[in-house]
Amino acid sequence: MPTLTPKQRSFLQVLVRLLRENDIAPTVRELQDAAKLRSSRSVVQYLDALESAGVITRGEGRRNIRIVAQPETASTILVPVIGRVAAGTPILAEENVRDVIGVDRSVARGNHSYYFLQVVGDSMDRAGIQNGDFVLVRYQETADDNATVIALVDDSATVKKLRLSRDAAILQPVSSNPVHRPIVVDPAFRIQGVVVATFPKEQLFS
């Protein structure tokens, strides 16, 4: 795939989604609305960049976009890589997306939203999630007992094993490091997804 900036890849993801959902090229206005851009000029600038990179071509008419360098195939899906989560913003907000990676649909199954999040620390090393690894997360706001989840605690994202009881929810580390202790969370804490796979950094960015 041609080299694109993270924002260009994020915009491309929107374009691919609209093409897949509607089986027809979107208009500039439709792209503006879907990508939540302030002006049609921004859309044109992104399209110019994608065309210069050889990803798309444009012809005449309003629905004139054609992808010529396939960023994904029927067997893959583009998944955003989430950076630091800003306080008060949704985890999948545009400003949190720093890259996009193609993932095989045998891993990212079904019509769900997925994202990657890089793990910092060793609180889940005994579960096979090492410091620096990237976890593939299926976005959902509920999870079953014993699931490995991404939870927002004080607007910080953390990966832990979810333990549920009648009276409490506990975020349980699975670590060889005794410094990590279970977190008893407020009932209003937010689940932001369930971990479905783990990848070392070099596997995704080799």
Fewest to most Cβ atoms within 10 Å: LYS7, LYS160 sort as LYS7, LYS160
Full extension between ARG62 and ARG105 adds, at 0.36 nm per residue less the Cα distance, a length in nm of 12.3 nm
Quick note, segment 6-67: a/c under 1.5 would make it rounded; otherwise a/b > b/c is prolate and the rest oblate (a ≥ b ≥ c, C-alpha gyration tensor); here it is rounded
For segment 144-160, in residue order, the Karplus 3J(HN,Hα) values (coefficients 6.51, -1.76, 1.60; θ = phi - 60°; whole Hz; Gly and Pro = x) are 7, 4, 6, 6, 8, 10, 9, 10, 9, 10, 6, 6, 10, 7, 9, 9, 8
Helix-only [θ] at 222 nm, the chain, -39500 (n - 2.57) per DSSP H run of 4+, per residue, nearest 500, equals -6000 deg cm²/dmol
From the Cα centre of segment 93-134 to that of segment 158-206, the distance in Å is 13 Å
Taking a ≥ b ≥ c as the square roots of the Cα gyration tensor eigenvalues, with a/c under 1.5 meaning rounded and otherwise prolate when a/b beats b/c or oblate if not, segment 130-188 comes out oblate
Percent of all Cα-Cα pairs per 5 Å bin for the chain, counting from 0 up to the last occupied bin, reads 1, 7, 14, 17, 17, 14, 11, 8, 6, 4, 2, 0, 0
For THR158, THR142, ascending order of other Cβ atoms within 10 Å (fewest first) is THR142, THR158
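Just need the relative contact order of segment 6-67 here, percent rounded to a whole number, with Cα pairs under 8 Å and 6+ apart.
Details: 53 pairs, mean separation 18.7, N = 62.
With pairs under 8 Å counted, the relative contact order is 30 percent.
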Once the in-chain neighbours fewer than 8 apart are removed, the lysines whose Cα is under 29 Å from LYS36 read LYS7
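Readers should treat all values here as calculations from the given coordinates under stated rules, not as data from a laboratory. Everything numeric here is computed off the predicted structure, so don't read it as measured data. Please note: Cβ atoms are built from the backbone with ideal geometry, for glycine as well, and neighbour counts cover all protein chains shown.
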